[in-house]
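Inspection log for the structure reproduced underneath, given as structure tokens.
The values are calculated or read from the model by the stated rules, or taken from the named source; none is laboratory data. Source: prediction; values computed, not measured. Using ideal geometry, Cβ is built from the backbone for each residue, glycine included, and neighbour counts are taken over all protein chains shown. These accessible areas exclude ligands, DNA and RNA; they are computed on the full protein's heavy atoms, side chains included. Shrake-Rupley method; radii C 1.70, N 1.55, O 1.52, S 1.80 Å.
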Amino acid sequence: MRTHYIEDFADDLGPEKIIHIFEPKSGLKATVVIDNISLGPAVGGCRMATDVSTREVFRLARAMTLKNALSELPHGGAKSAILANSRCENKELLVREFAQSIKHLTDYIPGPDMGTDETCMAWIHDEIGRAVGLPKVLGGIPLDELGMTGYGLAVAAEVAGDYLDLPLEDARVVIQGFGNVGKAVARFLDQKGAKLIATCDSQGAIVNKDGLDVLELIKARQQGNSVQESGLGSPISQGELLALESDIFIPAARPDVFTELNQYLLNTKLVLEGANIPITHEAAKKMFQRGIMIVPDVIANSGGVICAATEYQGMTESLAFERVKNTIGGNTREIFERTAKGAVTPHDAALQMAQERISQAMAFRAHI
Ligand code: NAD
């Protein structure tokens with residue numbers, strides 16, 4: 001195991017540790033970034049993918065530091081990546097070896113992320129007794145099945161709707177990515193009368209300006225059909241989806257979807273960041289100047305981690321829903337209050353809010 005401290009990334013908050021793992025026998029390659037643990041042991045997802053750079057793991061870990069602080073959780077932020085295809089044949093072996101490699105990193109509690117799920121967390125828990133996002137039988141609260149992150153996004157939509165005078169009834173919604181998060185937020189917004197007019201998966205996008213049938217689309221996906229194969233809307237390109245006129249746009253697929261180069265395409269009133277870091281800092285600033293309100297990822301998509309922390313504390317599903325509603329509702333309100341005069345962007349306001357809490361906790365740490 002090699003440990004690097006990469007100066008490029010360092011600032012007042014972290015990262016505390018950057019660890020590269022290589023086990024020649026199994027071929028396991030992994031990266032762990034523990035960013036800041038002032039508030040407690042760090043919780044953050046373990047991603048399985050071939051193309052995750054150390055910088056990306058760091059950026060995701062930092063997002064967790066801010067998200068956990070904003071969610072008022074007794075946890076710092078971390079992230080890890082197992083560099084392998086998530087459909088590889090030796091997945092269990094790699095995940096178990098990864099677990100053993102982080103056994104002594106007791107400041108890191110892994111959770112599910114892209115390419116991993118509750119079964120992977122059960123393997124890690126079996127190896128080292130430390131993981132969140134576990135199967136129900138091990139005391140887990142099934143956050144993807146319940147759609148916790150989507151629920152939190154719908155809470156943010158409702159609060160933002162009050163500030164923007166944008167009722168959810170008949171609001172035109174576009175969701176990029178119809179996976180765990182996209183499907184769940186579509187379902188919760190559908191229940192509130194909103195109209196999903198377009199969505200996509202990695203294979204293609206569809207539109208229906210009168211509104212897509214959300215429940216039928218979820219059913220089609222469960223049957224293994226792509227969004228376009230569902231036949232429920234007219235095919236459009238991924239680029240056209242980004243430029244469609246809407247009231248609410250929810251990126252729920254990949255990082256860096258909007259940059260300074262393409263931010264001008266977005267034609268909406270409200271963005272709820274379902275994915276992590278889907279809009280670069282500069283792009284978000286320009287969008288805000290154009291009058292688009294953004295509820296940043298560290299607030300809008302925190303439903304999953306609030307649920308995971310509730311599980312870690314041995315508490316119930318109903319308490320998790322209550323916490324998600326109160327925390328995301330309260331934070332969304334505060335973002336609107338802090339950005340009301342236009343002097344500070346939503347992302348800067350969220351950063352300020354998180355830093356205020358982390359600084360208070362850091363003041364209690366030993367200076368050695
Ligand atoms: P997922 O894999 O279930 O769904 C992702 C969806 O995006 C899929 O429909 C996929 O086909 C689509 N997609 C992928 N690449 C695309 C591309 N280039 N163009 C268009 N569509 C594309 O993942 P998920 O759990 O829904 O997570 C989505 C995002 O939300 C990720 O960034 C993740 O880190 C973030 N997030 C997830 C949770 C959670 O609770 N699952 C919580 C917080 C943040």
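Scanning the range 72-106 for residues that are outside any strand (DSSP E or B), touching a strand residue (DSSP E or B) at 6+ places or on another chain (Cβ under 9 Å) and under 22 Å from GLN313 (Cβ atoms) gives LEU73, HIS75, GLY76, ALA99, ILE102, LEU105. Is it the case that some residue within the range 272-281 is surrounded by fewer than 20 Cβ atoms within 10 Å (Cβ to Cβ), away from the ligand (no atom under 15 Å from the Cβ) and either in the same structural domain as ALA157 (by TED's automatic domain parsing) or among the aromatic types (Phe, Trp, Tyr) (or both)? Checked the range 272-281: at least one residue is surrounded by fewer than 20 Cβ atoms within 10 Å (Cβ to Cβ), away from the ligand (no atom under 15 Å from the Cβ) and either in the same structural domain as ALA157 (by TED's automatic domain parsing) or among the aromatic types (Phe, Trp, Tyr) (or both). Residues in the range 38-83 that are within 18 Å of VAL95 (Cβ to Cβ) and touching a Phe, Trp or Tyr at 6+ places or on another chain (Cβ under 6 Å): how many? Qualifying residue count, the range 38-83: 2.
Considering the conditions (1) of a type outside the set (A, V, I, L, M); (2) over 14 Å from LEU153 (Cβ atoms); (3) crowded, with 16+ Cβ neighbours inside 10 Å, ARG187 is excluded by exactly one of them, (2).
Of the residues examined, THR268 is not one that is crowded, with 17+ Cβ neighbours inside 10 Å, within 16 Å of the chain's Cα centre (by Cα), more than 11 Å from the ligand (Cβ to nearest atom) and modelled with pLDDT of 95 or more. Of these, VAL181, VAL173, which one is more than 9 Å from the ligand (Cβ to nearest atom), of a type in the set (Val, Ile, Thr) and closer than 22 Å to GLN222 by Cα? Only one candidate qualifies: VAL173. Of all residues in the range 333-358, those satisfying the criterion of being among the small types (Gly, Ala, Ser), free of Cβ contacts under 8 Å to residues at least 60 places away in the same chain and open to solvent by less than 70 Å² (accessible area, probe 1.4 Å) are GLY342, ALA349. Of all residue pairs spaced 6 or more apart or on separate chains, those with beta-carbon atoms under 8 Å, a first member in the range 242-266 that is in the same structural domain as LEU153 (by TED's automatic domain parsing) and closer than 14 Å to ALA157 by Cβ and a second member that is open to solvent by 10 Å² or more (accessible area, probe 1.4 Å) and assigned to a helix (DSSP H, G or I) are ALA252/VAL181. Taking the criterion of being of a type in the set (A, V, I, L, M) and open to solvent by less than 10 Å² (accessible area, probe 1.4 Å), the residues of the range 71-86 that qualify are LEU73, ALA78, ALA81, ILE82.
Within the range 115-132, take every residue that is modelled with pLDDT of 95 or more and touching a Leu at 6+ places or on another chain (Cβ under 7 Å) and give me the one that is least open to solvent (accessible area, probe 1.4 Å). Of everything passing the filter in the range 115-132, MET121 is least open to solvent (accessible area, probe 1.4 Å). Once the range 292-308 is narrowed to residues that are β-branched (Val, Ile, Thr) and closer than 11 Å to VAL43 by Cβ, the residue that is farthest from the ligand (Cβ to nearest atom) is ILE306.
In this structure, is LYS91 in contact (Cβ under 8 Å) with a residue 24 or more places away in the chain, away from the ligand (no atom under 14 Å from the Cβ) and not hydrophobic (A, V, I, L, M, F, W, C)? Yes: the conditions hold for LYS91.
The selection criterion, being touching a helix residue (DSSP H, G or I) at 6+ places or on another chain (Cβ under 7 Å) and of a type in the set (D, E, K, R), does not hold for ARG290.
Within the range 309-324, the residues that satisfy the criterion of being within 16 Å of the ligand (Cβ to nearest atom) and either farther than 23 Å from ASP113 by Cβ or open to solvent by 10 Å² or more (accessible area, probe 1.4 Å) (or both) are GLU311, TYR312, GLU317, PHE321, ARG323. State all residues of the range 239-265 that are within 21 Å of the chain's Cα centre (by Cα), within 11 Å of the ligand (Cβ to nearest atom), open to solvent by 30 Å² or more (accessible area, probe 1.4 Å) and not charged (D, E, K, R); if no residue qualifies, say none. Within the range 239-265, ALA253 is the sole residue that qualifies. Determine if the range 342-361 includes at least one residue that is in a loop (DSSP other than H, G, I, E, B) and of a type outside the set (Gly, Ala, Ser). Within the range 342-361 (the criterion being in a loop (DSSP other than H, G, I, E, B) and of a type outside the set (Gly, Ala, Ser)), the answer is yes, since at least one residue qualifies. For GLY133, the conditions (1) within 13 Å of the ligand (Cβ to nearest atom); (2) farther than 22 Å from ARG254 by Cα all hold with the exception of (2).
Tell me yes or no: at least one residue of the range 209-221 is in contact (Cβ under 8 Å) with a residue 40 or more places away in the chain and either among the charged types (D, E, K, R) or in the same structural domain as ILE292 (by TED's automatic domain parsing) (or both). Checked the range 209-221: at least one residue is in contact (Cβ under 8 Å) with a residue 40 or more places away in the chain and either among the charged types (D, E, K, R) or in the same structural domain as ILE292 (by TED's automatic domain parsing) (or both).
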